[in-house]
Amino acid sequence: MNSEIAIEFENVGKQYRLGRIGTGTLAHDLNRWLKTSLLGKEDPYLMVGEINDRTKKGESEYVWALKDISLKIGKGDVVGIIGANGSGKSTLLKLISNITAPTVGKIGVNGRIASLLEVGTGFHPEMTAKENIFMNGSIMGMKTREIESKLDEIVDFAGVERYLDTPVKRFSSGMTVRLGFAIAAFLEPEILVVDEVLAVGDAEFQKKALGKMHDISRGDGRTVLFVSHNMASIKNLCKSGILLNNGLISHIGTAEECVDRYIGCEDLEKNSVVVFGPKDHVSWVGREIEFLEMRILNNPNAIATDEDLDFVLKIRRNVHNVKSCCYSVFFLDTENRAIEQYVTEMYDVPSDRDEYEVRLHVRDHFLTKGTYMVKIEMGVKDFASGITNYDQIDYAMPIEVKYINSAEKKEYSFWQRSWGGYVSRYHNGITAEIH
């Protein structure tokens, strides 16, 4: 592993069997042992695991708490790890801290780790606060003299001087977290791993803890991994971020990017599907075939300039003499000006059913950062027969482009907006699949 890398994950996955330890049956345990230990083959139960979506029942008893995790964290990086409950954040930290082992893949760690993952983690409840300080330091490989040199700072920061010789089982959760964080921060680990547990402390302690993590990362150049649902703290403390979703990496980038995408995902479900009513269609179209609903497969609240767009249109045929059709997508700016139009080739309308779906794939768009309204049409457009619109919806769905990844696209769209420019792309840049 590169000496400049603090933590490296290579195709790491962690699988669990729901409700049980091990596989749950003697037959499964024997089968796993036979295949992996004697025959040297892959664990047979890795193949049946499902993505860890806690909102769905699923069909398999095996779930991937994390899957296909590959990343590198450099020395001195301050990384915020965010995601919804059950997305795999705590599992990721437990793997780094060697509390649990990965099911597949490899993890490389370069440096001593201090972890604060749960209230009371690493403490013996019958031992006093002072004894636990020395025990934790010894586990980290520190000598007694080194621990003694840090003792006063730890006690002062934690504010537990009066209870130094009291067993920690008598501590409140807030006192326990104070002591745990002070030990983790002042015993000078190369890597500090902190879970949402800081939220247990009071406001004064949270402020002190965040300030200490800032000092650790900026002044001492140590690596910090921070899990929190406090997005302001993530933005203020962290340089980079990792966004997890159902055990998979959704995005790696700056902390601000990850926070924006995470917040955008909260409204993803309600904003990504639109069902059209009678008033949504323009009044003059014949609606020989009509739009029923539209959904976007991207996150409509956080689109990047280099991100292809995928729309799915649900359509109903009302008359049977329509044999073929083309489909159009317009992007309108906030002043209702058409910035771009994409028109597909002519496609056959399915003759064996009245309802069908069309998936439109738009590539290489020139939208810059901003909010747009998507307009959709379908009909016949050619020089011989002229233009016939079977259906048209002017305000189908709003989308927001948040990430600019190409200066060229930014300049092009600036020209469009400044001079009334308009891009109309027939066939090129859009394709359709009929289902």
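The values are calculated or read from the model by the stated rules, or taken from the named source; none is laboratory data. The structure displayed is predicted, hence computed values, not measured ones. Cβ placement follows ideal geometry from the backbone for every residue including glycine, while neighbour counts extend to all protein chains displayed.
Results, tabulated for the structure shown:
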| quantity | calculated |
| --- | --- |
| Checking Glu126 against (1) touching a helix residue (DSSP H, G or I) at 6+ places or on another chain (Cβ under 8 Å); (2) acidic (Asp, Glu); (3) within 20 Å of Lys212 (Cβ to Cβ), the condition it does not meet | (3) |
| Selection status of Gly247, at pLDDT 80 or above and on the phi > 0 side of the Ramachandran plot | yes |
| Filtered residues of region 163-191 (kept if farther than 15 Å from Lys208 by Cβ and under 38 Å from the mean Cα position of the chain (by Cα)) | Val168, Lys169, Phe171, Ser172, Ser173, Thr176, Leu187, Glu188, Pro189, Glu190, Ile191 |
| Some residue of region 83-93 being assigned by TED's automatic domain parsing to the domain that holds Val259, among the basic types (Lys, Arg), modelled with pLDDT of 85 or more and surrounded by 19 or more Cβ atoms within 10 Å (Cβ to Cβ) | yes |
| Any hit, region 220-228, residues being in contact (Cβ under 8 Å) with a residue 12 or more places away in the chain, closer than 24 Å to Asn11 by Cα and of a type in the set (Phe, Trp, Tyr) | yes |
| Selection count where residues are assigned to a helix (DSSP H, G or I) and crowded, with 17+ Cβ neighbours inside 10 Å, scope region 215-257 | 8 |
| Criterion: under 17 Å from Thr431 (Cβ atoms) and either at pLDDT below 90 or not β-branched (Val, Ile, Thr) (or both) - qualifying residue of Gln392, Gln341 | Gln341 |
| Residue ID - nearest to the chain's Cα centre (by Cα), chosen from residues in region 131-162 that are more than 21 Å from Ser97 (Cβ to Cβ) and surrounded by 19 or more Cβ atoms within 10 Å (Cβ to Cβ) | Phe157 |
| Unmet criterion (only one of (1) crowded, with 20+ Cβ neighbours inside 10 Å; (2) in a helix (DSSP H, G or I)) for Ile73 | (2) |
| Entirely in region 296-370, the strands (runs of 3 or more DSSP E) that have 2 or more residues that are of a type in the set (S, T, N, Q) | 324-332 |
| Identity of the residue in region 322-343, more than 32 Å from the chain's Cα centre (by Cα) and farther than 20 Å from His281 by Cβ, that ends up surrounded by the most Cβ atoms within 10 Å (Cβ to Cβ) | Arg337 |
| Ser283 being of a type outside the set (A, V, I, L, M, F, W, C) and either at pLDDT below 75 or assigned by TED's automatic domain parsing to the domain that holds Val12 (or both) | no |
| Within region 304-319, considering residues that are modelled with pLDDT of 85 or more and of a type outside the set (D, E, K, R), the one nearest to the chain's Cα centre (by Cα) | Leu309 |
| Test result for Gly111, assigned to a loop (DSSP other than H, G, I, E, B) and surrounded by 17 or more Cβ atoms within 10 Å (Cβ to Cβ) | no |
| Selection count where residues are closer than 10 Å to Tyr390 by Cα and under 36 Å from the mean Cα position of the chain (by Cα), scope region 274-303 | 2 |
